[in-house]
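Engineer: First the structure, then my questions, so here it is.
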Amino acid sequence: MKIETAYHNWQQFLAGNPIISPEIIAGELSSSFMSQLAADEKPDFHAIDLLCEMALFEENFQLRKAAVAALYKNIVEPLCDDFTTRGVELCNLVLLRMIGFIRRQKEGESLNCLLNELNYPDQDLLLQRYEKIHQDIALSQSLKDKIRKILVLSRVTVGADVAITSIMVHRLARSFPHAEIIVYGQAHLPEIFYGLPRVHWAKFHYQRDGGLIGRLTSYTYLYQQLKMEWEGLHDGQTLLFDPDSRLSQLALFPLLADRYTRHFPSRNDQRDNSSRLSQLTNRWLNQVLGEQINILPQISIRPAHLDNIKRFFAQFPQGCKKIVINLGVGNDFRKRLPDPFEVKLLAGLLQDDSALVVLDSGCHPDERERARALMDIMQMKTFQAAAVSEKNLASKQIPFHHGLVCIQGGIGMLSALIDQADVFFGYDSCCQHLATAMGTHSIICFAGAPNDRFFDRWRPLDKSGLTTTIPIQDSTHLSDADLTELAEKFCRMILADKKSE
């Protein structure tokens, strides 16, 4: 759809004479914009303006939701997932266009005032700053000796915080033994960084599924929160590490002074295209810190979670196969295999008379509904099944030793479950990184990757050979017979994994 046609259709909608649904306009606008980029044509950024206008249309929630999805899920995220320097450059231009639009609105007044106060009256200066902070990134020894506080931004998602942020936090704690480290982000952070000396968590919620205003203007609150940490310290005593965080809109928003900011450009072209993000994080930190160190992702779980899971598993015979499964996909349904794969998988595993299958129900309502439906289907197939929550996990007696247990709980409980499992199965999601970080035997179904670079980057870093990742190129064209064959293949791998110990 050309921008002129889309604009005309939008004006007709506003006049009360809709020609086509505005949700369709939003989807086709984003598709047309991405087609221009794919054809190496000059992109028409008026499409971004129109989508921003739709995203702020107060009278229609579904339209606002569709426009935000068109901007982020259809444009920004695919450009990020390309893992090329061109993708980064185009993504920056899109985000800056969105920022410029919001700055001109009443709802963006606080954002505009802060950026003006920081001497960024226009988006060109923000882009110049972005390019500047990637020059001369190595820290001098004299600066390293002065540092007393290090601020680290979360990547927002659990998987990225395990694969990238955990390496950053552990490396910085080692390299700066006298510095306090504060990690800003979601509620999962204290569950995976529990009890680390000198590492603290500062709660900051990013509206990952929120509106355009909330995503962009949250920067003003983040700036004030960080400012309270560096105020009172001498110049040069604070560093900011940004692992390509959504909190800073991928480092386009300024926080600490440029010379004390280090941004990990995780999406750029690399000389080794097969490198995983965990490896690239180590490589970049070696350049910044002047070191030659490589560590694996690692997490630290609350002892209370481990104790609860151990008590839960203690009621089952020692010889049972403890199989933990999480079928979450982080709201990206391309990563799921279509039905009847999951039904076939669970039924196949439960046919093994020593299998105890623990299905984590996830944190999203749709994941919980899916897990409950799968449990009901297994019961209809006459397999034993029970549901339990984190609150009564340690005390509830399961009335069978072989069957399906559906568990609902938080990320700390799930981490402990995976830690104590004999084998884990899941899609490309946070749990593949949790499992690998804990050294649990893992079978990963990696579907929905938009390109080979995405698969290479997001594969978990495993040096012990305990993780097997199976890529699925195009799940949309799999027949029922194909899905049955895949389910049988994964069942054999999961069950053989335990027997081969």
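Bear in mind that the values in this text are calculations on the coordinates, not laboratory data. As the structure is a prediction and not an experimental result, all values here were calculated from the model. Counting neighbours? That spans all protein chains shown, and the Cβs are built from the backbone with ideal geometry, glycine included.
Engineer: Rounded to the nearest Å, what's the spacing between the alpha carbon centres of the range 336-371 and the range 66-124? Just the number, please.
Structural biologist: Spelled out, the Cα-based centre of one part sits 39 Å from the other.
Engineer: A follow-up question, please. Would you mind ranking Leu240, Leu37, Leu79 by Cβ crowding within 10 Å, fewest neighbours first? Mind showing how you got there, number by number?
Structural biologist: Working: Leu240 25, Leu37 18, Leu79 22.
Arranged by neighbour count, lowest to highest, Leu240, Leu37, Leu79 become Leu37, Leu79, Leu240.
Engineer: Let me ask you something else. Could you work out the helix-only [θ] at 222 nm for the chain, with each DSSP H run of four or more residues adding -39,500 (n - 2.57) and the total divided by the number of residues, to the nearest 500 deg cm²/dmol? It would help to have the intermediate numbers written out before the result.
Structural biologist: Values: 20 runs with 228 residues, N = 501.
For the chain, the value works out to -14000 deg cm²/dmol.
Engineer: In degrees, nearest 10, range 0 to 90: what is the angle between the Cα axis of helix 303-314 and the longest Cα principal axis of the chain?
Structural biologist: 30 degrees
Engineer: When only Cα pairs under 8 Å and 6 or more residues apart are kept, what is the percent relative contact order across the chain?
Structural biologist: Details: 819 pairs, mean separation 68.8, N = 501.
Once divided by the residue count of the chain, the mean separation gives 14 percent.
Engineer: Please turn the phi angles of the range 137-146 into ³J(HN,Hα) values with the Karplus equation 6.51 cos²θ - 1.76 cosθ + 1.60 (θ = phi - 60°), one per residue in order, whole Hz, x for glycine and proline.
Structural biologist: 3J(HN,Hα) across the range 137-146, in whole Hz: 7, 5, 8, 6, 5, 5, 5, 4, 5, 8.
Engineer: Right, another one. Once both axes come from the Cα atoms, what is the angle between helix 277-289 and the longest principal axis of the chain, in degrees from 0 to 90, rounded to 10?
Structural biologist: Roughly 50 degrees, rounded to the nearest 10.
Engineer: Applying 1/(1 + (r/R0)^6) with R0 = 41 Å to the Cβ-Cβ distance of Leu125 and His234, what FRET efficiency is obtained, to the nearest 0.05?
Structural biologist: Once the sixth-power term is evaluated, E becomes 0.90.
Engineer: For a label point 7 Å from the Cα of Ser31 along Cα→C-beta, name the residues of the range 55-71 whose backbone N is under 18 Å from it.
Structural biologist: 63, 66-71
Engineer: Let me ask something additional. What is the angle, in °, between the Cα long axis of helix 480-499 and the longest principal axis of the Cα atoms in the chain? Nearest 10 is fine, range 0 to 90.
Structural biologist: 70 degrees
Engineer: Can you return the lysines within cross-link range of Lys132? Criterion is Cα-Cα under 26 Å, with same-chain partners fewer than 8 residues away left out.
Structural biologist: Lys42, Lys144, Lys146, Lys149, Lys227
Engineer: Calculate the dipole size of the chain relative to its Cα centre from +1 charges on Lys and Arg beta carbons and -1 charges on Asp and Glu beta carbons; express the result in debye to the nearest 20.
Structural biologist: Numbers: 54 positive and 60 negative charges, 299 e Å.
Rounded to the nearest 20 debye, it is 1440 debye.
Engineer: Please list the non-local residues whose amide H lies under 5 Å from the amide H of Tyr184, H modeled 1.01 Å from N, same-chain partners needing a gap of 5 or more.
Structural biologist: Val152, Leu153, Ser154, Ala202
Engineer: Tabulate in residue order the Karplus-calculated ³J(HN,Hα) for the range 453-459, using 6.51 cos²θ - 1.76 cosθ + 1.60 with θ = phi - 60°, rounded to whole Hz; enter x for Gly and Pro.
Structural biologist: 5, 4, 4, 5, 5, 8, 4
Engineer: Then there's this: Between the alpha-carbon centers of the range 381-430 and the range 130-151, tell me the distance in whole angstrom.
Structural biologist: 44 Å
Engineer: Sorted by average packing, counted as other Cβ atoms within 10 angstrom per residue and highest first, what order do 440-448, 466-474 take? Display every interim value, and only then the final one.
Structural biologist: Values: 440-448: 23.2, 466-474: 15.2.
My ranking of the peptides, most packed first, is 440-448, 466-474.
Engineer: Would you mind calculating the relative contact order of the range 132-289 from Cα pairs under 8 angstrom and at least 6 residues apart, reporting the percent as a whole number? Walk me through the numbers on the way to the answer.
Structural biologist: Details: 214 pairs, mean separation 50.2, N = 158.
Computed over the range 132-289, the figure is 32 percent.
Engineer: Give me Ser354, Ser218, Ser429, Ser278 sorted ascending by neighbouring Cβ count inside 10 Å, so fewest comes first. Intermediate results must be reported in sequence, preceding the final value.
Structural biologist: Working: Ser354 14, Ser218 20, Ser429 23, Ser278 26.
So the residues, fewest neighbours to most, are Ser354, Ser218, Ser429, Ser278.
Engineer: Also, I was wondering about something else. Below 10 angstrom from the Cβ of Ile3, what's the summed charge of the other residues (Lys, Arg +1; Asp, Glu -1)? Don't jump to the answer; show the numbers that get you there.
Structural biologist: Numbers: positive: Lys2; negative: Glu4, Asp44, Asp49.
Result for the neighbourhood of Ile3: -2.
Engineer: Run down the aspartates and glutamates and flag those whose C-alpha is under 15 Å from the C-alpha of Lys391, throwing out any fewer than 8 positions away in its chain.
Structural biologist: Correct list for Lys391: Asp307, Asp360.
Engineer: Then there is this: I want to check the label-to-label distance for Asn60 and Glu89. Put each point 7 Å from Cα in the C-beta direction and report it in nm to one decimal.
Structural biologist: Between Asn60 and Glu89, the label points sit 3.6 nm apart.
Engineer: Of Asp482, Asp82, how do they rank once you tally other Cβ atoms within 10 Å and put the fewest first?
Structural biologist: Details: Asp482 15, Asp82 20.
In order of increasing Cβ crowding within 10 Å: Asp482, Asp82.
Engineer: Sticking with this structure for a sec: Give the long-range amide H neighbours of Ala355: residues separated by 5 or more places, or on another chain, with amide H under 5 Å away, using H modelled in the peptide plane at 1.01 Å from N.
Structural biologist: Here the answer is Lys321, since their amide H atoms fall under 5 Å of that of Ala355.
Engineer: Just need the relative contact order of the range 402-501 here, percent rounded to a whole number, with Cα pairs under 8 Å and 6+ apart. Present the calculation step by step, with values, prior to reporting the outcome.
Structural biologist: Details: 104 pairs, mean separation 24.7, N = 100.
Once divided by the residue count of the range 402-501, the mean separation gives 25 percent.
Engineer: Just to be sure I understand the model, the point goes 7 Å from the Cα along the line to the Cβ. What's the resulting Arg174 to Asp272 distance in nm?
Structural biologist: 1.7 nm
Engineer: Between Ala394 and Ala15, what is 0.36 nm times their sequence separation minus the Cα-Cα distance? Round to one decimal in nm. Could you put the intermediate results ahead of the total?
Structural biologist: On the way: separation 379, 0.36 × 379 = 136.44 nm, distance 6.00 nm.
Going from the current span to full extension adds 130.4 nm.
Engineer: If you don't mind, another one. Would you mind getting me the FRET efficiency between Asp258 and His401? Use the beta-carbon distance for r and R0 = 56 Å, nearest 0.05. Walk me through the numbers on the way to the answer.
Structural biologist: Values: r = 61 Å, r/R0 = 1.08.
The pair Asp258/His401 has a calculated efficiency of 0.40.
Engineer: To the nearest 0.05, what FRET efficiency results for Cys113 and Gln207 with a Förster distance of 35 Å applied to their C-beta separation? Write down the numbers at each step before the final one.
Structural biologist: Values: r = 21 Å, r/R0 = 0.59.
Approximately 0.95, to the nearest 0.05.
Engineer: Students often forget the sequence filter, so: which lysines lie under 19 Å Cα-Cα from Lys73 once same-chain residues fewer than 8 apart are removed?
Structural biologist: Those lysines meeting the cut-off are Lys65, Lys335.
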